[in-house]
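Working notes, structure below.
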Amino acid sequence: MLAFSARMFKDKFKTFLIYSVSAIGLLEMYIVLFPAIRKQAGQFEQILKTFPPDIFKAMNMDSTSMSFSTLESYLSTEYMSFLWPILAIVFAISMANYIFANELDKGTIETLLSLPAKRIKIFFERYFTGLALIAGFCAFSILSAMMLAQLHNIDYIYNNFLTTTIGSFMFMWGVYSLGVLLTVIFSEKGRSTMATSGVLILMYVLNIISSLNTDLENLRYLSFFNYFNGSELLAKNIFPEYMFIAFGCAILLTTIFATVRFSKRDLSV
């Protein structure tokens, strides 16, 4: 039982470990620097006031939360607004590609399908194994900050990090499900990766355009980045508006289409 899950876990555990350790290393770097940077928080906030508000909108950042006076606001600016999303997106796409595109690239798809198991079983065992690894990455890459803060005698707010972990998991799940759909549509790992990246870049651009032009503000509802905001999650301890509805619908639809496509398409090499 769960042979396909076990194989995926074995094959992708090293990737999971590398990304998780890298994230923890980044957290350690930022947290070590925090006490010194906090002393300059007042000067930093004065500098921020001189920047045009549109700059922060374009970067999907909330200027009202950009402060180095607390660990949560500091990490929401330095870690959650840029570096963490990049790690999360690349890791989620890597997990998605394993479900199908990797087998075609390696020429092992026929061997996989020759085993006495239905396609639907193969798909969902791998899908939920990838999702479990994503959940683990979210936990290690965010909740580890509290342990590191304790080691350095820095105060933190538990609820903020828990909220951030939940919101970040929903974001990664949405990216992962989108990647899974595109990896079963395209037959090459490179093409599926480029397609997923292209869709996410388009979403990011739509979010920027909608924030800068009030006539196009409704375009933001088409972007994952409208429903994921590190400042609101970590600094303010609130979920972005409609986050669960938007990601829930996106995850459900992409997963259904991916399941149907995987079950019916020609999987020959």
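The values are calculated or read from the model by the stated rules, or taken from the named source; none is laboratory data. Quick caveat, the model's predicted, so the values are computed rather than measured. Cβ atoms come from the backbone with ideal geometry, glycine included; neighbour counts cover every protein chain shown.
Candidates are the residues of the range 141-151 that are under 17 Å from Leu233 (Cβ atoms) and not small (Gly, Ala, Ser); the one that is farthest from the chain's Cα centre (by Cα) is Met146.
Checking each residue in the range 204-234 for being more than 20 Å from Leu83 (Cβ to Cβ) and outside any helix (DSSP H, G or I) picks out only Asn213. Between a first residue in the range 110-139 that is at pLDDT 80 or above and a second residue that is of a type in the set (A, V, I, L, M, F, W, C) and not in a helix (DSSP H, G or I), which pairs have beta carbons less than 7 Å apart while being 6 or more apart in sequence or on different chains? Pairs that qualify, where the first residue is at pLDDT 80 or above and the partner is of a type in the set (A, V, I, L, M, F, W, C) and not in a helix (DSSP H, G or I), are Glu125/Leu2. Whether any residue in the range 236-243 is at pLDDT below 90 and farther than 19 Å from Ile134 by Cα is what I want to check. Yes, some residue in the range 236-243 is at pLDDT below 90 and farther than 19 Å from Ile134 by Cα.
Scan the range 163-179 residue by residue and report those that are over 18 Å from Thr259 (Cβ atoms) and either touching a helix residue (DSSP H, G or I) at 6+ places or on another chain (Cβ under 8 Å) or crowded, with 23+ Cβ neighbours inside 10 Å (or both). Steps first, please.
Step one: list which residues in the range 163-179 are over 18 Å from Thr259 (Cβ atoms), which gives 163-172.
Those that are over 18 Å from Thr259 (Cβ atoms) and either touching a helix residue (DSSP H, G or I) at 6+ places or on another chain (Cβ under 8 Å) or crowded, with 23+ Cβ neighbours inside 10 Å (or both): Thr163, Thr164, Thr165, Gly167, Ser168, Phe169, Met170, Phe171, Met172.
Pull up the range 244-269, narrow it to residues that are modelled with pLDDT of 90 or more, in contact with a Phe, Trp or Tyr (Cβ under 8 Å, 6 or more places away or on another chain) and of a type in the set (A, V, I, L, M, F, W, C), then point me to the one that is farthest from Ile157 (Cα to Cα). Steps first, answer last, please.
Step one: of the range 244-269, the residues modelled with pLDDT of 90 or more are 244-260.
Next, only the ones that are in contact with a Phe, Trp or Tyr (Cβ under 8 Å, 6 or more places away or on another chain) stay: 246-247, 250-251, 255, 258-259.
Subsequent filtering for residues that are of a type in the set (A, V, I, L, M, F, W, C) retains 246-247, 250-251, 258.
Numbers: Ala246: 27, Phe247: 26, Ala250: 31, Ile251: 30, Ala258: 39 Å.
Taking the candidates together, the pick is Ala258.
In the list Asn159, Asn237, Asn153, which residue meets the criterion of being of a type in the set (S, T, N, Q), in contact (Cβ under 8 Å) with a residue 60 or more places away in the chain and not in a helix (DSSP H, G or I)? Spell out the reasoning first.
On the way: Asn159 fails: not in a helix (DSSP H, G or I); Asn153 fails: in contact (Cβ under 8 Å) with a residue 60 or more places away in the chain.
That would be Asn237, the only listed residue that is of a type in the set (S, T, N, Q), in contact (Cβ under 8 Å) with a residue 60 or more places away in the chain and not in a helix (DSSP H, G or I).
From Leu182, Leu252, which residue is buried (at least 23 other Cβ atoms within 10 Å of the Cβ) and in a helix (DSSP H, G or I)?
Leu182
Phe13 meets the conditions (1) over 18 Å from the mean Cα position of the chain (by Cα); (2) at pLDDT below 95 in every case but one. The failed one is (1).
Would you point out which residue out of Phe34, Phe56, Phe91 is aromatic (Phe, Trp, Tyr), over 22 Å from Val175 (Cα atoms), in a helix (DSSP H, G or I) and at pLDDT 65 or above? Before you say what the answer is, go through the steps one by one.
On the way: Phe56 fails: at pLDDT 65 or above; Phe91 fails: over 22 Å from Val175 (Cα atoms).
One residue alone meets the criteria, Phe34.
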